[in-house]
Amino acid sequence: MDQSHIRNFSIIAHIDHGKSTLADRILEMTDTVEKREMKEQLLDSMDLERERGITIKLNAVQLVYHAKNGEDYIFHLIDTPGHVDFTYEVSRSLAACDGAILVVDAAQGVQAQTLANVYLALENDLEILPVLNKIDLPSAQPELVKKEIEDMIGLDCSDAVEISAKSGQGVEDVLEQIVAKLPSPSGKPNAPLQALVFDSLYDPYRGVIAFVSIKNGTIKPKDKIRFMASGAEYEVIEVGVRTPKEVQEDELSTGDVGWISAAIKNIENVRVGDTITHVENPAEKPLEGYRQMQPMVYCGLYPVDNARYDDLKDALAKLKLNDASLQYEPETSQALGFGFRCGFLGLLHMDVIEERLEREYNLNLIATSPSVIYHVYKTDGEMVAIDNPAALPPAQNIDRIEEPYVKAEILVPKEYVGAIMDLCQKKRGEYVDMQVIDEVRMQIVYELPLSEIIYDFFDKLKSSTKGYASFDYAFTGYRPSKLVKMDILLNGQIIDALSTIVFKDFAYRRGNAMTIKLKDLIPKQQFEIPVQAAIGGKIIARTNIKALRKNVLAKCYGGDISRKKKLLEKQKEGKKRMKMVGSVEIPQEAFMAVLSMD
Ligand code: GDP
Ligand code: MG
């Protein structure tokens, strides 16, 4: 196909504004997917995405649009996640595109991730097409929202299409605007090959599959290629596109978005953001890669069964291929044995990775309480970055501890301003600014410690505003705080994996809440178990887990064997995500108790 008839674009929006639904309609109206194969949010292909109703991974498909001018156009459509944790996926999708469709819910208006995603699109020099969605809703106010987009973003909305992605109304106009208003790829087919790797996955039979956007040149089977950052060289075996079924092609040319396989078994050789070129006649320099995202949250991941450490290691390497923002390194815990300290972009990201490891790699894991990175300045002048509370130096060696702060921008209807300010104040926030957006909404800016917002800030924000608030945050720097390490003792023994770093003034309250919570979460044993919280060896809270009175088998009167077995199995089932530490069994929930403390 003639390059002028190609359009590469992403759909960007705040979460739930209708990206995936619009993608569905586009696939349907271009007959890309047959009716009987059509299901809602088709591009959300991971089970996890379908169950949670959110897009986690970017997803690229090729489709053909028969335009009103009688000509056929090839579209490469890339659906993206909207949640703040997955901005990394969005920035990668955008680098593979020339344009973006900005979907805004006409009932909700511009939200925090609408703005964040627009900025990303602008950074990538993309042409942006605004689209007003959900005009079928009685509460839709497309005119008001258009004005909001013009005022807040500065995008001209005089031609903005009003659609219902649900019913399909107006979607054809979007397709026509893609043809008329979005640019075609500008690369040169005769120039040396430059293919941007924007995603990858591991296939047990074919090795690494790399998803690429061809910025210059062409690539076909038998070509000798080089990954410019890693230097690794391979011979291409297959190339193709996704429609969304995998289809093999003879070649991929400038402007195409597709996949290549080259029997790549060594996972480390393929890095998302790298450029592929030919071994002969190579490109002079690689394409601009992506900003490497810094993880915001860390936790330890340990196999429940110590024998599966190597399986976990293998699984992490494979998952990292598909999610380059994941970081990990080996760590040991006295309580939990051998595992990995892993870095994530946020709590949702952490949750998703953990669940993918369990499902896709059949692992049983214990995750320790999440932590941010603290900068600890020691009395000898050295600074150490601590991502695991258990590794904090002894208090007498610490001069001061600094913690990461973020600037949070919150969009909220006026009547909830008080509730938001209350919440931010409680979370040690410092007021920065407040602005009127329109007659009904305000933008509030606070600086907050990251550790306070990674936990339950988002949930609290939603529950105190009936779901109407949205927020985005960006790291601003480190600041000194009064922080102390709080240890938890079970049966008189410190459990390193339960240690946390807390704000001093909150320590007593947290210690109390934590011991009470652990008392409820840890199963009773044959003996009484004291649960204590301590700071620097001083006990600040204490409670007891009472001894078990009955055992489950007592009910069976020693008779029915099969019933006995069933009961034991049931017990085992419940034990799945528990770890024996000394003589006490600790369930997964205990490690997350710190997340919902006040
Ligand atoms: P995404 O998070 O941006 O991908 O949003 P989804 O496509 O998953 O849509 C979020 C919710 O909004 C789903 O329940 C959709 O059914 C619904 N939705 C999407 N488009 C429309 C629309 O045009 N009208 C109405 N009434 N609901 C819509
Ligand atoms: Mg989606």
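The values are calculated or read from the model by the stated rules, or taken from the named source; none is laboratory data. Nothing here was measured: the structure is a model prediction, and the numbers come from that model. With ideal geometry, Cβ positions are generated from the backbone for all residues, glycine too; neighbour counts draw on all protein chains shown. Just so you know, the surface numbers come from the protein's heavy atoms only, side chains and all, with ligands and any DNA or RNA stripped out. Shrake-Rupley method; radii C 1.70, N 1.55, O 1.52, S 1.80 Å.
Sort 531-539, 369-377 by packing, meaning the average of other beta carbons within 10 Å per residue, with the highest value first.
369-377, 531-539
How large, in Å, is the chain by the Kirkwood hydrodynamic radius built from its alpha-carbon pairs?
Computed over the chain, the radius equals 26.5 Å.
Work out the length of the dipole vector of the chain about its Cα centre, built from +1 on the beta-carbon of each Lys and Arg and -1 on the beta-carbon of each Asp and Glu, and round it to the nearest 20 debye.
The calculation lands at about 3520 debye.
With the contact rule set at Cα under 8 Å and sequence spacing of 6 or more, what percent relative contact order holds for segment 173-277?
The value is 33 percent.
Express the carbon and sulfur contribution to the solvent-accessible surface of segment 408-483 as a percent, rounded to the nearest whole number, probe 1.4 angstrom.
After summing per-atom areas, the C and S share lands at 54 percent.
Taking one equal scatterer on every alpha-carbon of segment 232-348, how large is log10 of I(q)/I(0) by Debye at q = 0.13, 0.20 1/Å?
-0.72, -1.18
How much accessible area per residue does the chain have, counting only protein heavy atoms and a probe of 1.4 Å, in square angstrom?
44
By average Cβ neighbour count within 10 Å, what is the ranking of 4-10, 92-98, 60-66 from highest down?
92-98, 4-10, 60-66
Report Rg/Rh for segment 461-552, rounded to two decimals, where Rg is the Cα radius of gyration and Rh the Kirkwood radius.
1.13
Could you tell me which of rounded, prolate or oblate describes segment 363-500, using a ≥ b ≥ c as the square roots of the eigenvalues of the alpha-carbon gyration tensor, with rounded for a/c under 1.5 and, failing that, prolate when a/b is larger than b/c and oblate otherwise?
In terms of gyration-tensor shape, prolate.
Just the number, please: carbon plus sulfur as a percent of the accessible area of segment 108-175, 1.4 Å probe, no ligands or DNA/RNA counted.
Ligands and nucleic acids excluded, carbon and sulfur give 44 percent.
Determine the relative contact order of the chain: mean sequence separation of Cα pairs under 8 Å and six or more apart, normalised by residue count, in whole percent.
10
Given the pairs 19/407; 320/524; 427/546, which are separated by over 30 angstrom at their Cα positions?
Violating the 30 Å Cα-Cα cut-off are 320/524; 427/546.
Report the relative contact order of segment 420-496, percent, no decimals, based on alpha-carbon pairs under 8 angstrom and at least 6 residues apart.
Relative contact order for segment 420-496 comes out at 20 percent.
Tally up the carbon and sulfur contribution to the accessible surface of segment 260-341 as a whole percent, 1.4 Å probe, everything protein left in place.
46
Could you derive backbone 3J(HN,Hα) for segment 455-460 from the dihedral phi with the Karplus parameters 6.51, -1.76 and 1.60 (θ = phi - 60°), listing whole Hz in sequence and x where the residue is Gly or Pro?
6, 10, 4, 4, 4, 5
Once phi is turned into ³J(HN,Hα) by the Karplus curve 6.51 cos²θ - 1.76 cosθ + 1.60 with θ = phi - 60°, what whole-Hz value does each residue of segment 473-489 show in order, with x for glycine and proline?
9, 9, 4, 10, x, 9, 9, x, 9, 7, 10, 9, 8, 10, 9, 10, 10
What ranking, highest mean first, results for peptides 314-325, 132-143 when packing means the other Cβ atoms within 10 Å averaged over each residue?
314-325, 132-143
Listed here are the pairs 485/538; 462/482; 147/466; 245/265; 166/466; which of them are more than 21 Å apart at the Cα?
Long pairs (Cα-Cα over 21 Å): 462/482; 147/466; 245/265; 166/466.
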